[in-house]
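Participant: Just passing along the structure, written as structure tokens.
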Amino acid sequence: MMRRLPLAVLLLAGCASTPTDPGEPVAESIMVFHHPVECVGFVVQGCLLVKIDDDADYRPLYDGIQSFSYEWGSTYELEVDRYEIENPPADGPSVRRVLRRLVRKTRVPAGTQFEMVLTGNGPVQALGNDQYQWFNSPRFDCAAGLNCAGLATAIGQGRRVKFRFAHPAAAAAPLQMLAWQVCANQSPGAACDG
């Protein structure tokens with residue numbers, strides 16, 4: 001004799017394999033911008049700028065992408081698997097992204113300029129001889145003719161500074177710092193305003 005299962009049991013069994021389960025990945029397409037940004041979560045950190053699926057604008061990705069090696073000055077198109085983290089810690093991520101496939105990597109032209117606001121005395125360190133470094137990023141050098149006399153002081157005081165950089169021809173070469181100014185607004189994550 002055939003046993004009949006209650007409808008509720010069948011419905012629950014069907015729910016067990018939906019992509020929202022913690023163990024089932026959700027596929028995402030991610031576009032990665034040619035430079036990261038400083039972002040503020042629980043601490044000041046570096047974040048990739050990304051568009052996920054059909055996003056119109058780039059936004060910071062706080063938690064990174066497992067198995068993805070990022071290179072400044074390159075844009076990327078990626079396919080990733082996103083996993084929901086069940087019961088994440090209060091100060092931890094709620095999702096984990098793992099690289100499935102690098103679809104395309106494109107180096108931007110040498111000399112491509114961009115602006116970043118960075119915080120000194122921690123995230124940005126003065127290395128000496130007008131050379132600086134942000135976290136583990138490429139070094140950046142004060143361009144010839146640029147007055148960087150007060151920059152080391154501002155960085156040593158932990159000031160937020162707005163920089164304009166240019167990408168070098170070779171990925172391993174230092175970024176060229178073309179301009180800098182101390183931000184009027186020193187609140188982490190806020191607009192520089194001067």
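The values are calculated or read from the model by the stated rules, or taken from the named source; none is laboratory data. Here the structure is a predicted model, which means the values were calculated and not measured. Cβ sites come from the backbone with ideal geometry, for glycine too, and all protein chains shown count toward neighbours.
Participant: Can you tell me which of 80, 103, 124, 98 is within 16 Å of residue 37 (Cβ to Cβ) and of a type in the set (Val, Ile, Thr)? Working first, answer last.
Facilitator: Values: 80 fails: within 16 Å of residue 37 (Cβ to Cβ); 103 fails: within 16 Å of residue 37 (Cβ to Cβ); 98 fails: within 16 Å of residue 37 (Cβ to Cβ).
Testing whether each residue is within 16 Å of residue 37 (Cβ to Cβ) and of a type in the set (Val, Ile, Thr) leaves just 124.
Participant: To continue, here is another question. Checking the structure you have, find out if any residue of region 95-111 is under 18 Å from residue 41 (Cα atoms) and either of a type in the set (Val, Ile, Thr) or at pLDDT below 95 (or both).
Facilitator: Yes, some residue in region 95-111 is under 18 Å from residue 41 (Cα atoms) and either of a type in the set (Val, Ile, Thr) or at pLDDT below 95 (or both).
Participant: While we're here: Under 6 Å between Cβ atoms, which residue pairs at least 6 apart in sequence (or on different chains) link something in region 31-57 that is more than 19 Å from residue 105 (Cα to Cα) with a partner that is assigned to a loop (DSSP other than H, G, I, E, B)?
Facilitator: Taking only residues 6 or more apart or on different chains, the pairs are 40/188; 40/189; 41/62; 42/91; 44/123; 44/188; 46/36; 46/135.
Participant: Can I ask one more? Check 144, 149, 126 and return the single one that is farther than 26 Å from residue 188 by Cα, assigned by TED's automatic domain parsing to the domain that holds residue 165 and either in a strand (DSSP E or B) or not polar (S, T, N, Q) (or both). Before you say what the answer is, go through the steps one by one.
Facilitator: Numbers: 149 fails: farther than 26 Å from residue 188 by Cα; 126 fails: farther than 26 Å from residue 188 by Cα.
After ruling out the rest, the residue left standing is 144.
Participant: Right, another one. Conditions: (1) within 23 Å of residue 138 (Cα to Cα); (2) modelled with pLDDT under 85. Residue 39 meets all but one. Number of the miss?
Facilitator: So residue 39 meets the others, but not (2).
Participant: From the set of residues in region 83-94 that are surrounded by fewer than 14 Cβ atoms within 10 Å (Cβ to Cβ) and touching a strand residue (DSSP E or B) at 6+ places or on another chain (Cβ under 8 Å), which is nearest to residue 35 (Cα to Cα)?
Facilitator: Among them, the one singled out is 94.
Participant: Scan region 137-154 and give yes if some residue there is modelled with pLDDT under 90, loosely packed, with under 14 Cβ neighbours inside 10 Å and under 21 Å from residue 41 (Cα atoms), otherwise no.
Facilitator: no
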